[in-house]
Amino acid sequence: MTNDELLIRQAIAAEAEQAVDSGTVLANLRQGAKPRRRRVWIVAVAGGAVAAGIAAVVIPLTAAREAAPPATSETVTPPPVSTEKSLLLLGIDGFDHPDAIVLARFGTDGSIRAVSLPRDTGISPGNKLNSAYAKAGGGDAGARATVAEVEKLTGVRADHYATVDMAQFPALSSAIGGVEVCLRTAVKERYSAADFRAGKQILSGAQALAFLRQRHGLPNGDLDRIARHQAFLRGLITKLSNSDLQQLTALFEVLKQTVHTDPQLPLIDLARALTSTSSVALGTIPWTSVDGYQGMLVVDPSQVHRFTADYLTGKPATTASPASAPSDGCVN
């Protein structure tokens, strides 16, 4: 049995039996073996920031177990395996709709390249991308239905999925001591209760949720909200890479209450990957026009396929990505 597999088995058993607290689990994550950078994951991470990001964010331990030779007393670490896996992460609002959907690729150096898919992207006459989840009944069935729609739109099939309750973001951000964001101008808006000054600031609790939810009063509406999601995800990943054991312990406790994954994706994998990401680049799929009557973004699937393939592999994009967070990190 490999060191990684042993660690995961122990962590899962500890959670199931409540024999070891999450602080011990996360201590092992921090001190245990480093993730193998030579394995590549393509990840569809829906999350307004979380998507976040959050992520969409997982390490290839399952692939290692499938491809590695039988372990012996002398086989402590299996040979590196080149494989690709994918994850769809959905940030769910209070009406059973994904507020954010992101497609990302995990590089061999620990970096992430992610592409946001606007929730209002048209997938058929009268139907938006975020409608697939609720129409399938939500939960696992809704996630699987959204996986299918994302594949049609981008050409990437997600092997795993995870859903995040956006209403729990106050607890998530507070667990790690807040996330730094930067606003171009001061904002005050009553629907989301957003009330922020201009410039850099650290947001947590209800402030973080308002930052992620606001779309009224922004120049580009939901597209500006996508840019906020991306900026928040950058800040979240940066903060996680510098968090101490106490913060990570608190984070793991929140994740257990907030994140639901498919049966083949242990939550411990997600938590471990969140602490080991080195950098993230985020873009947004292109669209051709806006259908004002139906409130949908009109896209050319072939154009989206090309853009996604280029962006996730680090090639120069063939089409502009109009709603991505700017390189200086400041957003509307």
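Quick note: the coordinates plus some simple rules give every number you see, no bench work behind them. Since the model is a prediction, treat every value here as computed from it, not as a measurement. Note: ideal-geometry Cβ built from the backbone for every residue, glycine included; neighbour counts use all protein chains shown.
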re the stretch 167-210: pairs of Cα atoms spaced beyond 15 Å account for a percent value of 40
Using only the Cα atoms of the stretch 87-201, construct the convex hull and provide its projected area averaged over every direction, in square nanometres to one decimal.
9.3
Additional length obtainable on full extension of the chain from residue 202 to residue 189, 0.36 nm per residue less Cα span
2.8 nm
Pairs 128/256; 128/200; 200/256; 200/239; 188/256: which exceed 25 Å Cα-Cα?
128/256; 128/200; 200/256; 188/256
Cα-Cα pairs of the stretch 181-302 separated by more than 21 Å (percent):
53
Using each residue's phi in the stretch 301-310, evaluate 6.51 cos²θ - 1.76 cosθ + 1.60 at θ = phi - 60° and report the 3J(HN,Hα) Karplus result to the nearest Hz, with x for Gly and Pro.
x, 5, 5, 5, 4, 5, 4, 4, 4, 5
If Lys and Arg each add +1 and Asp and Glu each add -1, what is the summed charge of the other residues whose beta carbon sits under 14 Å from the beta carbon of residue 310?
+4
